[in-house]
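The values are calculated or read from the model by the stated rules, or taken from the named source; none is laboratory data. Note that this is a predicted model, so its numbers are computed, not measured. Neighbour counts run over all protein chains shown; Cβ positions are idealised from the backbone, glycine included.
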Amino acid sequence: MRNIVVIGAGFAGLWSSISAARSLDDLHEDDVRITVVNRDKWHGVRVRYYESDLTDTRIPLDDLLDPIGVGLVVGEVENIDHAGHLVSVRALGGVSILPYDRLILASG
């Protein structure tokens, strides 16, 4: 299994993961896993942060990523080991290590 890890779920990270999933689907590639790492479980529409109620500016990432087969890890990246192709992510349950073959850094 090959792994694509996308760090960040802003517009760049979302479009990268959605485009990768679409391309893999078009190529009938089943041996690639795409995982998005983001510190929040939602995508915020920043151009609307002037509003007093931010409820409508936050879109749950699971609603966007689950239907296209993209995984989500909620946490903060602590380390990127370029030589070992590993990303360390701190989440509530501790530290997770994600291997990658391709890394997309879209953290803003």
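Give the residues of segment 8-25 that are of a type outside the set (Phe, Trp, Tyr) and either surrounded by 15 or more Cβ atoms within 10 Å (Cβ to Cβ) or within 12 Å of the chain's Cα centre (by Cα) (or both), sorted by residue number.
Applying the first criterion (of a type outside the set (Phe, Trp, Tyr)) to segment 8-25 yields 8-10, 12-14, 16-25.
Result: Gly8, Ala9, Gly10, Ala12, Gly13, Leu14, Ser16, Ser17, Ile18, Ala20, Ala21, Leu24.
Pick out, from segment 17-68, the strands (runs of 3 or more DSSP E) lying fully within it that include 1 or more residues that are polar (S, T, N, Q), touching a Gly at 6+ places or on another chain (Cβ under 8 Å) and at pLDDT 95 or above. Before the answer, list the steps.
Numbers: elements: 32-38, 42-44, 58-60.
Output list reads 32-38.
Taking segment 92-104 as the search range and keeping residues that are without any contact (Cβ under 8 Å) to a residue 60 or more places away in the chain and in contact with a strand residue (DSSP E or B) (Cβ under 6 Å, 6 or more places away or on another chain), which one is surrounded by the most Cβ atoms within 10 Å (Cβ to Cβ)?
Looking only at segment 92-104, we keep the residues that are without any contact (Cβ under 8 Å) to a residue 60 or more places away in the chain, and these are 92-97.
The next check asks that each one be in contact with a strand residue (DSSP E or B) (Cβ under 6 Å, 6 or more places away or on another chain); those that pass are 95-97.
Details: Val95: 11, Ser96: 14, Ile97: 11.
It comes out as Ser96.
Of everything listed in (1) free of Cβ contacts under 8 Å to residues at least 60 places away in the same chain; (2) surrounded by 12 or more Cβ atoms within 10 Å (Cβ to Cβ); (3) assigned to a loop (DSSP other than H, G, I, E, B), the single unmet condition for Ala83 is (2).
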